[in-house]
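K.L.:
My questions will all concern the structure given below.
Since every read-out is calculated from the coordinates, none of them should be taken as a lab result. Please read all numbers here as calculations on a predicted model, not as lab measurements.
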Amino acid sequence: MNQFPAETLSEIKAHLLDEQTRLATRIEELSGQDPFSDPGRTVDNAASDAEASEESNHDRVSALVDELKKQAEDVALALRKIDDGTYGFCTECGSMIDTDRLAIHPTATMCLQCEMKKASAGKK
């Protein structure tokens, strides 16, 4: 099995570690902005329009946090793959993923051809 050059993997790993830190920081920041994270909220007798606003903000923050958590899982998976020597190989066909694709999307798990096949199969 071919392998990516160690220098390339080192650069990708450094980028992914930075991304992991950035995502964790952003998740923490957003979680602190969630109006439902305030323990005093349950005894607050806010007007119904304030309650609706809090719920809307909670839903928005929750959706953003969920997306960031998914990205963090993808980064963690890519880091595990680097460590175990399987990074950069398509999970469908086993071919090496193009380095240009990985430069743009370092958490990619499929080559472009398999990704396109999967996308077109999902449209049917």
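K.L.:
Full extension from Thr91 to Glu7: what is 0.36 nm times the residue separation minus their Cα-Cα distance, to one decimal in nm?
P.N.:
Extending this stretch completely gives an extra 27.9 nm.
K.L.:
Using θ = phi - 60° and the Karplus relation 6.51 cos²θ - 1.76 cosθ + 1.60, list the HN-Hα couplings for the stretch 87-93 in order, rounded to whole Hz, with x at every Gly or Pro.
P.N.:
5, x, 10, 4, 6, 8, 10
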